[in-house]
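Everything below concerns the one structure shown next.
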Amino acid sequence: MATPRSEELRVLAQRVADALPSEVIEVVLTGSVSRGVADEVSDIEMLCVTERPLSLEQAFELALGAGLDERDSWGDPSTPTRRVFGYLDGEPVETIWWSRELAEELFAGGGSAEAIANGVALRTSGLLALWQERLADYPDELVAGRVEKAAERWGGFTPAGLLTLVRDDVALARMEWLVESAQRVLAIVFALNRVRQPTAKRLAARVEPLALKPERLAERIEEALAEPDPRRALRVMTELQLDMVRLAPSGPNIDRARTWLAEGLALLQG
């Protein structure tokens, strides 16, 4: 059941969509509002698709026509993706603008896939339904490829290299390793469950329904990142990594990671 805040923001998002001209052929509500879990700090996120590419100035004009105030942009302006931010009745609205051709290229990549998979059509020419149908297909080859890719850094050098991250003067490098390791764990768990990987926001809720995962997945990630003792933080994360690869199917990187992580964990415990 959607939160009252989600319902409130969805009404505003529909107003934006209805105010856009016919050249905008697809408007997709994404983010927490589309999933019905928006709260007081959530904003409205929308994907807008046009037949032809737009300049940033044209995207600004369309956002103005849809009623957005205090317009601004973010991200790399040299890419063909146009990003326009603004406010409608004081509520923040983020719009992403793609041409149809660009949408076909990008909808299944990175964080876009999860956003599209959970998107809600506010205006459609049938594109969203086609994209969601294609995203629902998660073949074994894709699972294996993503699992192996995620495990590739866990090995290939001495496990004692983990001990260099225990030093007092490497806090940033240690945190980089912990965060990257957590992201790789999550890449594996979402792939194994054939779910398009979301952002790390609301992580506990995201992983709770997954059938195949290490115990206390989200809690252990938070524990490792918040732990002030360097050795213990690395130990907690390495234990989680090892539990994760033990759940994954065999492959060159996974098999190597099982051995390497077990050796690294023994050193950290010692």
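The values are calculated or read from the model by the stated rules, or taken from the named source; none is laboratory data. Please read all numbers here as calculations on a predicted model, not as lab measurements. All Cβ positions, glycine included, derive from the backbone under ideal geometry; neighbour counts span all protein chains shown. Ligands, DNA and RNA are excluded from the accessible area calculation, which covers all protein heavy atoms including side chains. Shrake-Rupley method; radii C 1.70, N 1.55, O 1.52, S 1.80 Å.
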Handout entry: Which listed residue, of 144, 129, 151, is at pLDDT 95 or above, of a type in the set (A, V, I, L, M), touching a Lys or Arg at 6+ places or on another chain (Cβ under 8 Å) and under 30 Å from residue 115 (Cβ atoms)
Key = 151
Practice task
Examine segment 12-34 for a residue that is touching a residue at least 12 places away in the same chain (Cβ under 8 Å), surrounded by 15 or more Cβ atoms within 10 Å (Cβ to Cβ) and acidic (Asp, Glu), and state whether such a residue exists.
Solution key: yes
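Listed here are the residues, each with its yes/no results for (1) hydrophobic (A, V, I, L, M, F, W, C); (2) more than 23 Å from residue 35 (Cα to Cα); (3) touching a residue at least 12 places away in the same chain (Cβ under 8 Å).
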site: 182; (1), (2), (3): yes, yes, yes
site: 186; (1), (2), (3): yes, no, yes
site: 192; (1), (2), (3): yes, no, yes
site: 214; (1), (2), (3): no, yes, yes
site: 227; (1), (2), (3): no, yes, no
site: 243; (1), (2), (3): no, yes, yes
site: 252; (1), (2), (3): no, yes, yes
site: 259; (1), (2), (3): no, yes, yes
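Among the residues of segment 38-55, count how many are under 13 Å from residue 96 (Cα atoms) and surrounded by 13 or more Cβ atoms within 10 Å (Cβ to Cβ).
In the first step, residues of segment 38-55 are kept if they are under 13 Å from residue 96 (Cα atoms); the result is 44-50, 53-55.
Next, from what is left, pick out any that are surrounded by 13 or more Cβ atoms within 10 Å (Cβ to Cβ): 44-50, 53-54.
Residues that pass the stated criteria total 9.
Among the helices (runs of 4 or more DSSP H) lying completely within segment 211-270, list those that include at least 3 residues that are among the hydrophobic types (A, V, I, L, M, F, W, C) and either over 19 Å from residue 153 (Cα atoms) or open to solvent by 60 Å² or more (accessible area, probe 1.4 Å) (or both). Steps first, please.
Details: elements: 217-226, 230-247, 252-269.
Filter on segment 211-270 gives 217-226.
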